[in-house]
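First the structure, in the form of C-alpha cells, and then the observations on it.
The values are calculated or read from the model by the stated rules, or taken from the named source; none is laboratory data. Quantities reported herein were computed from a predicted structural model and do not represent experimental measurements. Here the Cβ positions follow ideal geometry from the backbone for every residue, glycine too, while neighbour counts run over all protein chains shown. For accessibility, only protein heavy atoms count, side chains too; no ligands or nucleic acids. Shrake-Rupley method; radii C 1.70, N 1.55, O 1.52, S 1.80 Å.
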Protein chains: 2
Amino acid sequence: MEIKVLKDILDANNQIAQQNRQLLASKRIMAINLMSSPGSGKTTLILRTVEQLKDKARIAVIEGDVSSSIDAEKLGQAGIAAIQINTGGGCHLDASMVNSALLNLRLDDIDILFIENVGNLICPGGFDLGEYLRVVILSTPEGDDKPYKYPLLFTQARALVVNKTDLLPHVSFDLEAFTRAFKGLNQDAALFLVSGITGDGIKDWGKWVMDTLRKLRTQSDAK
Amino acid sequence: MEIKVLKDILDANNQIAQQNRQLLASKRIMAINLMSSPGSGKTTLILRTVEQLKDKARIAVIEGDVSSSIDAEKLGQAGIAAIQINTGGGCHLDASMVNSALLNLRLDDIDILFIENVGNLICPGGFDLGEYLRVVILSTPEGDDKPYKYPLLFTQARALVVNKTDLLPHVSFDLEAFTRAFKGLNQDAALFLVSGITGDGIKDWGKWVMDTLRKLRTQSDAK
C-alpha cells in the first residue's frame, strides 16, 4: 500500500509539472531548478547572476524553504521579484507548490525563473517541478566525495556550479578527483568554478545561462 | 489515505525504536544520533572523538548514507568498528535499519555508539532510532542563519557542535548572532566550537560525551 500511495503522489506531481512546463513554455520563460545542500550559496549565486545579466534578461525567483523567508527578503532588498514557499517540514518543493507561486508572478515580465529548491542533496531529485533544466551547486567546504554519496542529483544536472573557490586554499577539496568523479556520472553537464564572494567565474556561468536561453527560444520559434 | 499511511509508518518506526532503546539500555550503551548537512564533518568529528577517548570508552559507529561506503571505510582504516547502512535513496535512517545494524555489532564490547545519520537537516528529525540523545553539527561555511531555516533539528539537539572554526576568518559567520538564534530555540543544549582539522575544542566535547555517559550509567544503576 505504501508503494501504491507513493506512485499516486508521483503521478499527480508529474501531471501538474507538465502543466507548469506548458505554461512556462507559452510565456517563453526558462525555469531553472537549483539544488544544493544548505548554505552552499544558491541565493548568493542568484544575486550575482542578476547583477551580471540585469540588462539582458528579466529574472524572477521562487524560493523554497522549510520555514522562514530570509532568502526571499534578501532578494527583495536587491529589487528582485521573489516569492517564498515554505514547505512546513517537507524536504523538497513539488509541482503544485510551484504552480501556486506561478499564479502570483507576472509571467509576462520574466525571461528566466530560478526555482531555489529546499537545501538538501536527496529529496529534490525525485520531484519534477516543470522546470526546463536542473543545476546543482556544490561548495568546496562540503568535500569532493559528494558525487559518490548523492549520485542521483549529480546525474540529473545540466550544469554543475562549484562555489566558494575562494576557500580552496583553506579546505581539503581535490578539484581533479572531484571533476573525474563528476564526469564519470555525467559527461554532458557544463562545469563552472565560481566564488559568490569574489565574483570569480560568474561571467562564464552567466554567459552559459544566456546562451541556453537563446537556444531554447530558437528551438521554440522553429516549432 | 496518505496521512493514515504516514501515521502507520511512524507508529511502526516508534515501536522498533523502543526495542532498540531497550536493547541498548540492557547493554549499557549510550547511542548518539549525529545529524548535519552533507560535508559538515560528522565522520571527522567521530574520528577525533575516538582519538580523544580511546583509553576511556569503547566506541562503535553505524554509518548512514544514500549510497557508497566511503565513511565506513575511513573509520575502518582507523580501526573503528563501523557498519554501513545504505538507504538506497532515502533521506534518513529509520529504526529498523538501525535494528539490523545492531544485530551485526558486538554489543558487549561497546560503551558509546555513534549513529551517523544521512547528511541533511530535515528528514532525520522525524524518525526516532532508539538513541539516547541527538547531536547536531553545523559547519561555519554553511552560514549562521541555519537555526531559522531548519528549526526542528536544532530544537531536538542535546548538544550542538559548530565545526570548521578554523575557517571563521575566511567565511561570513556571525558567531554571536548564531548563538543568540540557537539559544532562542534551545536554551538547554550544550554548545561546542571545534575544528576537526586542527583539533581545537575537541577536548571539551569529548569531556562532555564522557560526563554524559557517566551520568546515564549512574541513573541506570540507581534504578
Checklist (1) surrounded by 20 or more Cβ atoms within 10 Å (Cβ to Cβ); (2) at pLDDT below 95 applied to residue B:130, failing item: (2)
Going through the stretch A:3-31 one residue at a time, which ones are of a type in the set (D, E, K, R), within 14 Å of chain B (Cβ to nearest Cβ) and either touching an Asp or Glu at 6+ places or on another chain (Cβ under 9 Å) or buried (at least 17 other Cβ atoms within 10 Å of the Cβ) (or both)? A:8
Does residue B:174 meet the test of being in contact with a strand residue (DSSP E or B) (Cβ under 7 Å, 6 or more places away or on another chain) and among the acidic types (Asp, Glu)? no
Inspect all residues belonging to the stretch A:94-107 and state whether any of them is within 12 Å of another protein chain (Cβ to nearest Cβ), at pLDDT 95 or above and open to solvent by 10 Å² or more (accessible area, probe 1.4 Å). no
Condition first: in contact with a Pro (Cβ under 8 Å, 6 or more places away or on another chain) and not in a helix (DSSP H, G or I). Can you find one or more residues in the stretch B:124-135 that meet it? no
In the set A:172, A:195, A:220, which member is part of a loop (DSSP other than H, G, I, E, B) and at pLDDT below 95? A:172
If a residue must be over 26 Å from residue A:111 (Cα atoms), in contact with a strand residue (DSSP E or B) (Cβ under 9 Å, 6 or more places away or on another chain) and either at the interface with another protein chain (Cβ under 10 Å from one of its Cβ atoms) or of a type in the set (Phe, Trp, Tyr) (or both), how many such residues does the stretch A:151-170 contain? 2
Of all residues making up the stretch B:199-217, the number that are in a loop (DSSP other than H, G, I, E, B) and either of a type in the set (Phe, Trp, Tyr) or open to solvent by 80 Å² or more (accessible area, probe 1.4 Å) (or both): 1
Listed residues A:70, A:85, A:122; which is within 14 Å of another protein chain (Cβ to nearest Cβ), without any contact (Cβ under 8 Å) to a residue 12 or more places away in the chain, at negative phi and open to solvent by 10 Å² or more (accessible area, probe 1.4 Å)? A:70
The stretch B:12-33 residues that are farther than 13 Å from residue B:217 by Cα, paired with ones that are basic (Lys, Arg) and not in a helix (DSSP H, G or I) (beta carbon under 7 Å, 6 or more apart): B:33/B:134
